[in-house]
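The values are calculated or read from the model by the stated rules, or taken from the named source; none is laboratory data. Computed from a predicted structure; not experimentally measured. A quick note on method: Cβ atoms are made from the backbone with ideal geometry, for glycine too, and the neighbour counts reach across all protein chains shown.
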Amino acid sequence: NNIITLSKVSKVYGNQIKTQVLFDIDLNIKSNSFNGIIGASGSGKSTLLNIIGTLDQPTQGAVMIDGVRTDQMKKNALAKLRNETIGFIFQFHYLLPEFTAFENVLMPYYIKGQKIDKKMNARAHELMDLVGLSKVKNNLAGNMSGGQQQRTAIARSLINNPKLILADEPTGNLDSDTTEVVYDLLRDINKQFETTFIVITHDRRIAEKTDRIIEIKDGKIFNDFSRI
Ligand code: ADP
Ligand code: ADP
């Protein structure tokens, strides 16, 4: 069964001067799968991922996420869906450097003004453990290494136990050893929690270890290679 279905999705940016970035994309993503998206810079990868993540809307076509159509949804419903179903990891992790790693993991709750209860706290401790940071969780994020910061961002993306994680160049800023550690962590999470992953990457080694590689070229799916 599919957690994501895109039917004839197109995206045009601009009013006066129009640029079409995606052309009639048809795409199904299987639940619990680990998918890589590759392609040249400017080919439309981030736009595609942002549409899947409901951060952006298609100009045409239908988007179905976890059984619901999102392309016509209102802002509040989208925010709720993102909150409950989707975790995001970016190349630049957007941690708050003057807060501890632990506090950063709980940040989605602080931002919403929710009171942190015992359960949330316990979950945050569990996640710091999962990403291998339990010893340094009270360090300020700004004082951590790049790999530790990205692992903190990964823990934060898991706070609501999302079914789907979207990652845009999650290791783009890391050296090759750290890249391996972070990638293996994502793979562990995929196996352990049956979380579906879509990861944009320029890193061949990462792409080669995914279940499926989707190659985007000039706003179209140019190649689609599945190992499962
Ligand atoms: P990739 O992630 O493959 O590098 P993007 O999806 O970021 O590609 O961008 C695809 C094209 O769409 C690029 O030419 C980019 O300049 C353009 N683009 C992306 N976002 C916008 C935007 N908000 N407004 C106008 N053009 C955009
Ligand atoms: P790219 O490497 O694809 O050219 P960037 O590195 O600038 O793009 O950003 C990566 C992605 O993160 C983009 O698709 C952008 O939409 C998204 N992004 C940037 N800033 C934020 C933010 N503050 N919150 C959520 N998403 C963001």
Checklist line | Test set (1) among the small types (G, A, S); (2) surrounded by 14 or more Cβ atoms within 10 Å (Cβ to Cβ); (3) at pLDDT below 95 - G113 fails condition number | finding: (2)
Checklist line | Residue selected from segment 67-85 under the condition farther than 26 Å from K191 by Cβ and among the basic types (K, R), by the criterion nearest to ligand 2 (Cβ to nearest atom) | finding: K75
Check: Filtering segment 67-109 down to residues that are small (G, A, S) and in contact with a helix residue (DSSP H, G or I) (Cβ under 8 Å, 6 or more places away or on another chain), which residue is surrounded by the fewest Cβ atoms within 10 Å (Cβ to Cβ)?
Finding: G87
Next item on the list: Return the residue satisfying two criteria in turn: it lies in segment 212-228 and is assigned to a loop (DSSP other than H, G, I, E, B) and at pLDDT 95 or above, and of such residues it is nearest to ligand 2 (Cβ to nearest atom).
Entry: G219
Check: Looking at segment 1-58, which of its residues are under 20 Å from E169 (Cβ atoms), among the β-branched types (V, I, T) and out of contact with any strand residue (DSSP E or B) (no Cβ under 8 Å at 6 or more places or on another chain)?
Finding: none
Check: Across segment 31-66, which residue is nearest to ligand 2 (Cβ to nearest atom) among those that are buried (at least 21 other Cβ atoms within 10 Å of the Cβ), part of a strand (DSSP E or B) and of a type in the set (A, V, I, L, M, F, W, C)?
Finding: I37
Check: In segment 187-224, what residues are farther than 26 Å from L158 by Cβ and surrounded by 13 or more Cβ atoms within 10 Å (Cβ to Cβ)?
Finding: E215, I216, K217, D218, G219, K220, I221, F222
Next item on the list: Filter segment 177-209 down to residues that are within 13 Å of the chain's Cα centre (by Cα) and within 16 Å of ligand 1 (Cβ to nearest atom) and give me whichever is modelled with the lowest pLDDT.
Entry: T201
Check: Can you name the residue in segment 174-200 that is of a type outside the set (A, V, I, L, M) and touching a helix residue (DSSP H, G or I) at 6+ places or on another chain (Cβ under 6 Å) and is also farthest from N2 (Cα to Cα) among such residues?
Finding: T178
